[in-house]
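Input: a single structure, listed below in structure tokens.
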Amino acid sequence: MLGKLTIDALPFYSDIAMGGALITVVGALGVVALITWLGQWRYLWTEWLTSLNHKKIGIMYVTLALIMLVRGFIDAMMMRTQQAVSLNLQGYLPPAHFDQIFTSHATIMMFFVAMPFLVGLFNFVVPQQIGARDVAFPFMNSVSLWLTASGAALVVVSLVIGKFSAAGWSAYPPYSEAQFSPGVGVDYWIWAILISGVGSILTGINFLVTIVKRRAPGMRLMMMPLFTWTALCTSILIVFAFPALTVAAALLGLDRYLGMHFFTNADGGNVMNYVNLFWIWGHPEIYILLLPAFGIYSEVVATFSGKQLFGHKSLVYATAVITALSLSIWLHHFFTMGASPDVNAFFGRVAPLIAVPTCVMIFDWLFTMYRGRVQLSVPMLFMLGFIVTFVIGGMTGVLLAAAPDDVMRGTTFLTAHFHNIMIPGVLFGYFAGYQYWFPKAFGFQLEERWGRRAFWAWIVGFYLAFLPLYILGFMGMPQRLDRYYVAAWQPYLIVAEGGALLILCGIIFFAIQLAVSIRDRAALAISTGDPWNGRTLEWATTAPPAAYNFAVVPHVHGIDAWWAVKQAGKAGYRPARFHDIIMPGDSSAGIVLGGMSFVFAFAMIWQIWWLAAVGGLGMFSAVLWQTFDDNAERRIPASEVEAIEERRSIAPAFASRAPM
Amino acid sequence: MTDAVTTAVGSDEETEAEEAGRAIDQRTYGFWIYLMSDTIIFALLLATFVVMSHNTAGGPGGHTLFRLPQTFAKTMLLLASSTTFGFVSAAIAVGQRWRVLAWLSVTFLLGLGFIAMEISELYGMAVAGAGPWRSGFLSAFFTLVGSYGTHVSVGLVWIVLSGCEVALRGLNPFVVSRLCRLGLFWHFLDIVWIGIFSVVYLPGIL
């Protein structure tokens, strides 16, 4: 009746696991109790959970990412603490538990922090930047969100019911095969990846179509803002790369569930095929995460330098070149596979090439700042911190991509390099975007001082936490050690622990910043939709934007369309009369589909077949219900549009005489 | 920036017919992109099959398992169903609802015939000791052909749903656009089958 699910699935075997489970359960119950106490369930359901408004979906994505960031960071803190003390077996975590933690840390950070964060920013920003009222497929957007949330929920639930995978975030066989990992951990990983992966592919299709088909009249491709360009290239990469991850995870699942032999040691399995499939997705994935961050840096640097972006065209070409190259360098993740010298030579040559377009971008940003009026706002600080720090990550990446240097692979040098790309490259970019677009989303700015403190805690913490790992890599320390016997390593690991504590401060400062800003929201409120004197079209809307973004669809004649409107003195333009606007209505089918996918995956993990059938039928019904409904739309009458537009006050205060 | 003289003079709002037309255009384009990502899935499954084509682990290989007449019959059923879907499209063009329904039914039956033959082929192999758990080669074969069969089955369900819609709602622009996407899907599956036939069956038989 309940498959493999018994009372033993609860973590009575370990105090630490029990503690984690209790915190998760109490936290979830606390949120439920709080919403009930505030009486906000109806509001939450009608205004948010069932909303097809791309801005609200974006905000929900970012919220999911921030919550999971805390969850993933707790894992990081536990690992750093373990390594700081575990010289000569003095750690507090048993090996099997440590293995679960590094697996869930990376899985969460890649799939449930970085991915939802970037998709959230796409959702909030891209339609506004291209002068559109919505994405191409609003309902599919909601489905993507709830499938992603469902995957995240699976990883969180694994903390309470059963154990998570201990096979690393890449789940390499043969260790991840049923023979060596008989528990449900790897199954949790597989289903979380499959469910959220479908969500990602749908997102990729959605934004590809949105950007190609829904741009404002006159906006040609080369006039698109850089963030939209990176969103377009990222969507292309998602559509082409994520199927490889789906195939890899599904074939691993077939091995585990049906006893097939894709990746087993015996009976004709081929382990290296998994590694190939995984990195055919895995390498483009790095650029799926990085390109949007590059787009954000481009927006931020132009706005806060008060200048047009230097080399807009070359940045677009660099983005496109990275997109193309990123699909053809996956093999540098496993030079030691035993491929022929020709193959290794090819990939060893192509991989460092990606440094060229990246350098083009860095120089373009530097030249944008050159002779500009640089304002050191919080987003700009993250941008500058990125430029300085990312160069180190780029250079260590070239070292790792050179086939003869492959001895460093598998050491903490790789860990340090990877985090050097992911934290200053990816996460700082998303933080900059969060700080930059927050006032647009909520109508008030984030408090500056706590933002600065958070930035300094993050960047200093990053250096302290990861530079020691570069040194340890040269000293030969392998990745993912739960214990060691080399006393010389310990001082570096203690410094790294200190860095992690500083990053913890950075997270706390962000939380304080948010709380302080909400408290002082009246003082921090912005009077126009354009607090930074921005250049691109998303600053033309109100803050927060009306459901339809633009009462009148703008005409575009060049890059930096909003800046040109302001220069022409037409920012306050009001049409003679307004028109009805048709927007998608709300739909609960998306969240029902996401919930049913969770039921289905949970049942598959625990092999409760009847429940899996229920979940599968539920998913099918939700899709059917929505698909054949062509009238799921809401008409906003012209009078209401006019009333909303009357309330807004565009005062292009500093726009009139600013230098170009 | 001299070229960027922008005026905020509003465009004339789209009419509802234009809006509907644009929505359909977007869906068609989105569906093409979905097909491309599905192509990647089949390409990777095919590549995996090629990698594993000699990993029979002492079990049976393609030479002993594949039967030319059976494969030929399956292929003919599929090609015929693609042709009959072409007749569906022709019937849509002249707006004859009963003819659409008739050709959809024929397409459905041909597809069903293909699925029935495929199930009997795979079932026969499994009971004869050549199931997907026997060797890496057979795992790859069953997964590739099984995924293909799943796609065709989804197409069959879709044909039934579309048939009901045509019967109940008539040929309005949204129904027609869904039928066109169904057509894209069906012809796409045909092309994938050509790939499977040439990479999986032909080398095994010849």
Exercise for the section: Kindly indicate whether any position in segment A:283-296 is within 12 Å of another protein chain (Cβ to nearest Cβ), in contact (Cβ under 8 Å) with a residue 12 or more places away in the chain and part of a helix (DSSP H, G or I). Expected result: yes
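Here is a check on your reading of the model: is A:Val160 touching a helix residue (DSSP H, G or I) at 6+ places or on another chain (Cβ under 7 Å) and either within 14 Å of another protein chain (Cβ to nearest Cβ) or buried (at least 24 other Cβ atoms within 10 Å of the Cβ) (or both)?
Working: touching a helix residue (DSSP H, G or I) at 6+ places or on another chain (Cβ under 7 Å): yes; either within 14 Å of another protein chain (Cβ to nearest Cβ) or buried (at least 24 other Cβ atoms within 10 Å of the Cβ) (or both): no.
The answer is no for A:Val160.
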Practice task
Inspect all residues belonging to segment A:534-554 and state whether any of them is at the interface with chain B (Cβ under 8 Å from one of its Cβ atoms) and of a type outside the set (A, V, I, L, M, F, W, C).
Solution key: yes
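More than 12 Å from chain B (Cβ to nearest Cβ) and part of a helix (DSSP H, G or I) - does that describe any residue in segment A:233-241?
Applying the first criterion (more than 12 Å from chain B (Cβ to nearest Cβ)) to segment A:233-241 yields A:233-234.
Add one more test, that the residue is part of a helix (DSSP H, G or I), and what stays is A:233-234.
Scanning segment A:233-241, I find at least one residue that is more than 12 Å from chain B (Cβ to nearest Cβ) and part of a helix (DSSP H, G or I), so the answer is yes.
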Exercise for the section: Within segment A:584-602, identify whether any single residue is out of contact with any Pro (no Cβ under 6 Å at 6 or more places or on another chain), among the hydrophobic types (A, V, I, L, M, F, W, C) and at pLDDT below 95, and answer yes or no. Expected result: yes
Exercise for the section: Could you tell me whether B:Gly59 is modelled with pLDDT of 90 or more and under 25 Å from B:Glu118 (Cα atoms)? Expected result: yes
Handout entry: Looking only at segment B:146-168, and only at residues there that are surrounded by 19 or more Cβ atoms within 10 Å (Cβ to Cβ) and either among the β-branched types (Val, Ile, Thr) or within 11 Å of another protein chain (Cβ to nearest Cβ) (or both), the one that is nearest to B:Phe49 (Cα to Cα)
Key = B:Val152
Practice task
Go through (1) within 11 Å of chain B (Cβ to nearest Cβ); (2) under 27 Å from B:Gly136 (Cβ atoms); (3) touching a residue at least 24 places away in the same chain (Cβ under 8 Å); (4) out of contact with any Leu (no Cβ under 9 Å at 6 or more places or on another chain) one by one and return the number of the condition A:Asn270 breaks.
Solution key: (3)
Completion exercise
For segment A:567-589 the number of residues that are under 30 Å from A:Lys307 (Cβ atoms), of a type in the set (D, E, K, R) and at the interface with chain B (Cβ under 9 Å from one of its Cβ atoms) is 1
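Residue-by-condition table, conditions (1) out of contact with any helix residue (DSSP H, G or I) (no Cβ under 6 Å at 6 or more places or on another chain); (2) among the β-branched types (Val, Ile, Thr); (3) not in a helix (DSSP H, G or I):
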site	(1), (2), (3)
B:Thr39	yes, yes, no
B:Phe42	no, no, no
B:Thr56	no, yes, yes
B:Pro69	yes, no, no
B:Ala73	yes, no, no
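Here's the yes/no breakdown for (1) crowded, with 19+ Cβ neighbours inside 10 Å; (2) within 25 Å of A:Val378 (Cα to Cα); (3) more than 14 Å from chain B (Cβ to nearest Cβ):
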site: A:Gly311; (1), (2), (3): no, yes, yes
site: A:Ser326; (1), (2), (3): yes, no, yes
site: A:Ala345; (1), (2), (3): no, no, yes
site: A:Arg349; (1), (2), (3): no, no, yes
Exercise for the section: Return yes when B:Thr48 is more than 7 Å from chain A (Cβ to nearest Cβ), assigned to a helix (DSSP H, G or I) and of a type in the set (Val, Ile, Thr) and no when it is not. Expected result: no
Problem - Pairs with Cβ under 6 Å, 6+ apart, first in segment A:204-226 and in contact (Cβ under 8 Å) with a residue 24 or more places away in the chain, second among the aromatic types (Phe, Trp, Tyr) - result: A:Ile205/B:Tyr34; A:Asn206/A:Phe137; A:Phe207/A:Phe122; A:Val209/B:Tyr29
Problem - Index of the failed condition, B:Thr75 passing every other in (1) modelled with pLDDT of 90 or more; (2) over 30 Å from A:Met222 (Cα atoms); (3) loosely packed, with under 15 Cβ neighbours inside 10 Å - result: (3)
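Take A:Val143 and decide whether it is under 21 Å from the mean Cα position of the chain (by Cα) and either crowded, with 22+ Cβ neighbours inside 10 Å or not basic (Lys, Arg) (or both). Write out each step before concluding.
Details: under 21 Å from the mean Cα position of the chain (by Cα): yes; either crowded, with 22+ Cβ neighbours inside 10 Å or not basic (Lys, Arg) (or both): yes.
When the stated conditions are applied, A:Val143 passes them.
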Completion exercise
Among the residues of segment A:365-418, the number that are in contact with a strand residue (DSSP E or B) (Cβ under 8 Å, 6 or more places away or on another chain) and buried (at least 19 other Cβ atoms within 10 Å of the Cβ) is 2
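Inside segment A:216-232, can you point out the residues that are within 14 Å of another protein chain (Cβ to nearest Cβ) and under 24 Å from the mean Cα position of the chain (by Cα)?
First pass over segment A:216-232, keeping only residues within 14 Å of another protein chain (Cβ to nearest Cβ): A:216-220, A:222-225, A:232.
Answer for segment A:216-232, where residues must be within 14 Å of another protein chain (Cβ to nearest Cβ) and under 24 Å from the mean Cα position of the chain (by Cα): A:Met224, A:Pro225, A:Leu232.
Would you call B:Leu156 touching a residue at least 24 places away in the same chain (Cβ under 8 Å) and closer than 30 Å to B:Gln26 by Cα? Even if it seems obvious, please write down each step before you answer.
Numbers: touching a residue at least 24 places away in the same chain (Cβ under 8 Å): yes; closer than 30 Å to B:Gln26 by Cα: yes.
When the stated conditions are applied, B:Leu156 passes them.
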Practice task
Looking only at segment A:328-343, count how many residues are hydrophobic (A, V, I, L, M, F, W, C) and buried (at least 18 other Cβ atoms within 10 Å of the Cβ).
Solution key: 5
Problem - Residue within segment B:57-69 that is within 17 Å of the chain's Cα centre (by Cα) and within 24 Å of A:Val247 (Cβ to Cβ) present - result: no
Fill in the blank from the handout: The one condition A:Gly27 fails out of (1) under 30 Å from A:Ser142 (Cα atoms); (2) of a type outside the set (Val, Ile, Thr); (3) not in a helix (DSSP H, G or I) is (3)
Exercise for the section: Quick one: B:Ser135 ticks every box in (1) touching an Asp or Glu at 6+ places or on another chain (Cβ under 7 Å); (2) of a type outside the set (Asp, Glu); (3) free of Cβ contacts under 8 Å to residues at least 60 places away in the same chain; (4) within 13 Å of another protein chain (Cβ to nearest Cβ) except a single one, so which number is it? Expected result: (3)
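The values are calculated or read from the model by the stated rules, or taken from the named source; none is laboratory data. Because the structure is predicted, anything quoted here is derived from the model rather than measured. With ideal geometry, Cβ positions are generated from the backbone for all residues, glycine too; neighbour counts draw on all protein chains shown.
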